[in-house]
Amino acid sequence: MRPEMSALARTGGGGCTIIGVAGGSASGKTTLVNALVEALGHGRTGLLGHDWYYLDRGHLSAGRRAQLNYDHPRALETRLLARHLRALRRGRAIAVPIYDFVTHTRSRRRRVIAPKPIVIVEGLLVLQDRELRGLLDLKVFVDCPEELRLARRLGRDTHERGRSRESVLAQWERTVAPMHRRFVDPSKRHADIVVLGRNRADLRRAAKQVRARLSLLGVE
């Protein structure tokens with residue numbers, strides 16, 4: 001497929017090149033992003049996580065927070081992410097939210113992100129939102145079988161986020177799997193590149209593929 005004209009080319013602007021990496025929960029997005037940073041260079045590549053922009057739920061009880069659907073687009077402050085990407089494009093530093101995945105709240109502090117020549121934004125719904133897609137120079141979707149994604153999610157959420165196995169499984173059935181079918185998987189059609197996320201070898205090959213596509217867009 002011929003590469004889609006980049007956002008930079010459409011706007012005639014300068015600044016950074018923005019890569020969007022989307023895909024299902026635990027599909028291998030972070031592994032691919034890490035491989036891309038290695039390939040493109042740490043010093044010239046910045047990272048933004050869509051999940052940093054979860055709305056603050058500190059005004060709700062802990063029990064109520066646990067029942068919310070965090071896999072729906074409305075759970076995220078995507079307009080703020082879009083404003084931040086535009087600021088980076090203009091060469092301005094941004095102050096991004098710091099989100100606690102255990103308490104579902106935002107810190108009062110912010111993390112300052114400086115503009116870089118390449119910015120990678122990663123998240124479940126990066127390709128679902130039309131405004132966000134319009135800011136991306138290259139759109140990548142990581143595809144992975146559901147059973148493998150669930151196994152990875154169980155390991156991550158129980159070991160890194162202090163969740164019980166039962167709560168992870170309940171959330172998967174209640175919101176993660178239905179929202180994947182409704183929002184995440186359909187967004188795959190917007191991708192310039194669809195890659196496999198079954199193992200690290202797949203993702204290393206995908207990183208080379210993405211870098212080759214960037215070269216076609218004039219990014220070395």
Is it fair to say V195 is among the β-branched types (V, I, T), outside any strand (DSSP E or B), on the phi < 0 side of the Ramachandran plot and touching a residue at least 24 places away in the same chain (Cβ under 8 Å)?
no
R205 fails exactly one of (1) within 30 Å of R86 (Cβ to Cβ); (2) free of Cβ contacts under 8 Å to residues at least 24 places away in the same chain, namely (1)
All positions within the stretch 109-122 that are in contact (Cβ under 8 Å) with a residue 60 or more places away in the chain and in a strand (DSSP E or B)
I113, I118, V119, I120, V121, E122
Picking from D157, D129, which residue would you name as being within 21 Å of G49 (Cα to Cα) and modelled with pLDDT under 90?
D157
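Given the options V102, V126, name the one that is within 17 Å of the chain's Cα centre (by Cα), of a type in the set (V, I, T) and assigned to a loop (DSSP other than H, G, I, E, B).
On the way: V102 fails: within 17 Å of the chain's Cα centre (by Cα).
It is V126.
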Checking T158 against (1) surrounded by fewer than 18 Cβ atoms within 10 Å (Cβ to Cβ); (2) β-branched (V, I, T); (3) in contact with a Phe, Trp or Tyr (Cβ under 8 Å, 6 or more places away or on another chain), only one condition comes out false. Which one?
(3)
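With respect to D51, determine if the residue is closer than 23 Å to R163 by Cβ and either assigned to a helix (DSSP H, G or I) or among the polar types (S, T, N, Q) (or both).
yes
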I'm checking my understanding of the structure. Among residues of the stretch 72-113 that are surrounded by 18 or more Cβ atoms within 10 Å (Cβ to Cβ) and touching a Pro at 6+ places or on another chain (Cβ under 7 Å), which one is modelled with the highest pLDDT?
L88
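Based on this model, can you work out whether R64 counts as loosely packed, with under 14 Cβ neighbours inside 10 Å, free of Cβ contacts under 8 Å to residues at least 12 places away in the same chain, more than 21 Å from R156 (Cβ to Cβ) and among the charged types (D, E, K, R)? Can you show your working first?
On the way: loosely packed, with under 14 Cβ neighbours inside 10 Å: yes; free of Cβ contacts under 8 Å to residues at least 12 places away in the same chain: yes; more than 21 Å from R156 (Cβ to Cβ): yes; among the charged types (D, E, K, R): yes.
The answer is yes for R64.
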Checking R161, R149, R153, R165 in turn, the sole residue that is without any contact (Cβ under 8 Å) to a residue 24 or more places away in the chain and basic (K, R) turns out to be R165
Return the only residue of A177, A170 being assigned to a helix (DSSP H, G or I), more than 22 Å from D129 (Cα to Cα) and at pLDDT 90 or above.
A170
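Yes/no per residue for (1) in a loop (DSSP other than H, G, I, E, B); (2) polar (S, T, N, Q); (3) without any contact (Cβ under 8 Å) to a residue 12 or more places away in the chain; (4) over 16 Å from Q128 (Cβ atoms):
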site	(1), (2), (3), (4)
V21	no, no, no, no
N34	no, yes, yes, yes
G58	yes, no, no, yes
L68	yes, no, no, yes
D71	yes, no, no, no
R92	yes, no, no, yes
S107	no, yes, yes, yes
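The values are calculated or read from the model by the stated rules, or taken from the named source; none is laboratory data. Since the structure is predicted, the reported quantities are computational estimates derived from the model, not experimental observations. A quick note on method: Cβ atoms are made from the backbone with ideal geometry, for glycine too, and the neighbour counts reach across all protein chains shown.
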